[in-house]
Amino acid sequence: MTDAATPSDPRPPKPRPAPVPDPDSAPYWAAAHDGRLVVQRCENCGTYQLYGRDRCLVCRGPVVWVEASGKGTVYSFTVIRQNYARPFRDWIPYVVALVDLVEGPRVMTNLVDCAPEEVAIGLAVRARFEPVSEEAGIALFELDR
Amino acid sequence: MTTKGRQAVIAGVATSDYPLLPDLSEHAVHGQAADRALADAGLSMADVDGFASAGFFPMYALGVTEYLGLHPAYFDETNAGGASFEVLVEHAAYAVESGAAEVVLVTYGSVQLSQMGRTLGTGAPGGAGALAPGPAIYDALWGNTLVGNYALAAQRHMHEFGTTPEQLAAVAVTMRKHAASNPFAQKRELITVEDVVNSRLVADPLHKLDCCVISDGGAACVVTSAERAADLPNAAVYVLGGAHASTHQMNLSAMADLTVTGAAQCGPLAFRRAGITPADVDVAQLYDSFTITVLLTVEDLGFCAKGEGGAFVEDDGLGLAGRLPTNTDGGGLSACHPGMRGMFLIVESVRQLRGECGETQVPGAAIAVAHGTGGMLSASATLVLGRDAP
């Protein structure tokens, strides 16, 4: 995905939207900014979870952020062929996927550096990171060939 | 919903004009539907002591009551997206049966087509999650669209159960057949499975004709007690049972299984409260934002087993002579989809039970199910309505 404006749209490229960190999410976006994928682990029952929350989804136990492997599999995907919102319309067609991390939590993401036809449910993928602001990054995924 | 004391009924229903209303404000659409539903019930605004509605702004019901000049003792604006109106009517039934209200007016109105054009679903800046605060940002960064969320569910269903694009298309084909008999329907020309699968992909595997139309329009109903309805002009339709459920809000990544909606929870509960089984249902009005929405719903409500929805809907399975006559007005896929279509499902259910549906009347329909699905497959609500007193 590049952020080049299309010939029919001479405006300067619009950057990817950036999350505004809040007390629950700041460690997640900061880690991705530094090139790491983190998930929350419950200190009471061991459950892994995303997104970031104050407590464990299962038992309301205390949670800590731990580094994840950055690996997962495609749970489902779609190829977006119509989106009027910038910057995405400049990238059509592109792949939106739900990825099940090996640690358990599921994340939505873009699969990049692959043709839409190459994507299938169950494929192994790995995270790569892109800073989107001074304090936040996002985890994109690519095929783990 | 109760075996002793007061029994809630729907005494009047109406739609506004649709599908294109450039000369009406959103509130005026509420007003038009409200006047018609009250007239259908043989009542007037002066009889209304309860009000419910839902829309895209906080304190929404207060705004509509202000516009209509109502000062109800009971009001509700529970927002479950497209499923809101099944919830609101369930709540209204409880209000009537508890004695909190005597006549509850429930209205919906939208001029989405005139105001926003056809980009809804594929154009929200920053994704649909931008509409919601907090955690919704997690799924809002990827250029996913409303259509894309349902496409992710369809893709997963196809992967797990071998469901085909042609089976999904069959839903749209049947809805269009029904719309052909509805003079107000937005799309009335018959289509084939080939037309659907050859229409352009919007978000794989969903094609343009797998997606609902975008419309202006509104609808309303009047909920009261069987006792109050006894001397009103139209046959009362009994609210036999209702239930609702949610699996997530804006983040589809928080939905445990994309092939199982909240209908699997609220459907059986609503049927139990109504004292019926899926086999008792004569006609269904199932929220059809997308073809996959209907396919998931027939499975989750128990009309067929999980994974068998494709076989259930193909070959006109949802047609008038099919396994489950569904969306007899043409549904959101063809007739009218102004954004939160749930009230239309209730209006059409009542018309079926009153035998008023003409060419698309299901003969002898005695039990109808209206089932709403809202958000990103987020919320589900089932309402069971009956022609005869429980």
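Rule-based calculations on the coordinates, nothing more; no lab input. Everything numeric in this text was worked out from a predicted model, so none of it was measured. A quick note on method: Cβ atoms are made from the backbone with ideal geometry, for glycine too, and the neighbour counts reach across all protein chains shown.
Largest GNM mean-square fluctuation across B:G109, B:G342, B:G63, computed for chain B with C-alpha springs under 10 Å, falls on B:G63. Distance from the Cα centroid of the range A:21-94 to that of the range A:101-143 is 10 Å (rounded to whole angstrom). Across the range B:330-362, no residue has a backbone nitrogen under 13 Å from the label position 7 Å along the beta-carbon direction of B:D17. The phi-based Karplus calculation (6.51 cos²θ - 1.76 cosθ + 1.60; θ = phi - 60°) puts the 3J(HN,Hα) values of the range A:116-125 at x, 5, 7, 7, 8, 4, x, 5, 6, 9 Hz, whole numbers, x for Gly and Pro. Taken one residue at a time, the phi angles of the range A:51-56 give Karplus couplings (6.51, -1.76, 1.60, θ = phi - 60°) of 6, x, 9, 6, 9, 6 Hz. Gly and Pro are set to x.
Taking other Cβ atoms within 10 Å as a rough exposure proxy, B:L20, B:L68 sort from fewest to most as B:L20, B:L68.
What value, in deg cm²/dmol to 500, does the helix sum -39500 (n - 2.57) over DSSP H runs of n ≥ 4 give at 222 nm once divided by the residues of the protein assembly as shown? Roughly -7500 deg cm²/dmol at 222 nm, from the helical runs in the protein assembly as shown.
The modelled label-to-label distance for the pair B:F56/A:E118, using points 7 Å beyond Cα in the direction of Cβ, is 3.8 nm. Near B:G42, once Lys and Arg are set to +1 and Asp and Glu to -1 for all other residues with Cβ below 11 Å from its Cβ, the sum equals -2. Each Cα pair under 8 Å and six or more residues apart adds its separation to the average, and for the range A:26-143 the resulting relative contact order is 28 percent.
With N the number of residues in the protein assembly as shown, Rg(Cα) / (2.2 N^0.38 Å) evaluates to 0.98.
Local charge for B:A381 was computed over the other residues whose Cβ lies under 11 Å away, with Lys and Arg +1 and Asp and Glu -1, and equals -2. The GNM of chain B, with springs linking C-alpha atoms under 10 angstrom apart, assigns the highest mean-square fluctuation among B:I367, B:I214, B:I137 to B:I137. Here the Karplus relation 6.51 cos²θ - 1.76 cosθ + 1.60, evaluated at θ = phi - 60°, turns the backbone of the range B:266-278 into coupling constants of 7, x, x, 5, 5, 5, 5, 4, 7, x, 10, 10, x Hz, with x for every Gly and Pro. If R0 is 56 Å, the Cβ-Cβ spacing of B:N198 and A:D24 corresponds to a FRET efficiency of close to 0.75. Within the range A:86-145, the ratio Rg/Rh, alpha carbon atoms throughout and Rh by Kirkwood, equals 0.97.
A Gaussian network model of chain B, with springs between Cα atoms under 10 Å, assigns the largest mean-square fluctuation among B:A73, B:A243, B:A93 to B:A73. Beta bridges assigned by DSSP with both partners in chain A are antiparallel in approximately 95 percent of cases.
The coefficient of translational diffusion for the range B:142-238, derived via Stokes-Einstein from the alpha carbon Kirkwood radius under 37 °C and 0.692 mPa s, stands at 201 µm²/s.
Neighbour counting of Cβ atoms within 10 Å sorts the residues B:R272, B:R6, fewest neighbours leading, into B:R272, B:R6. With a cut-off of 8 Å between alpha carbons and a minimum separation of six or more residues, what is the relative contact order of chain B in percent? RCO, chain B: 25 percent.
Using only alpha carbons, the range A:26-143 has a radius of gyration to Kirkwood radius ratio (Rg to Rh) of 1.01. May I ask you to list the lysines whose Cα is less than 18 Å away from that of B:K187, ignoring any residue fewer than eight positions away on the same chain? Qualifying lysines at Cα under 18 Å: B:K177, B:K208.
A viscosity of 0.692 mPa s and a temperature of 37 °C, combined with the Kirkwood radius over Cα pairs in Stokes-Einstein, give a translational diffusion coefficient for chain B of 161 µm²/s.
Here chain B carries DSSP beta bridges of which approximately 75% are antiparallel, counting only pairs with both residues inside. Put simply, the amide H of B:F75, placed in the peptide plane, has neighbours under 5 Å in B:F51, leaving out anything fewer than 5 places away on its chain. Distance from the alpha carbon centroid of the range B:192-237 to that of the range B:257-285 works out to 18 angstrom.
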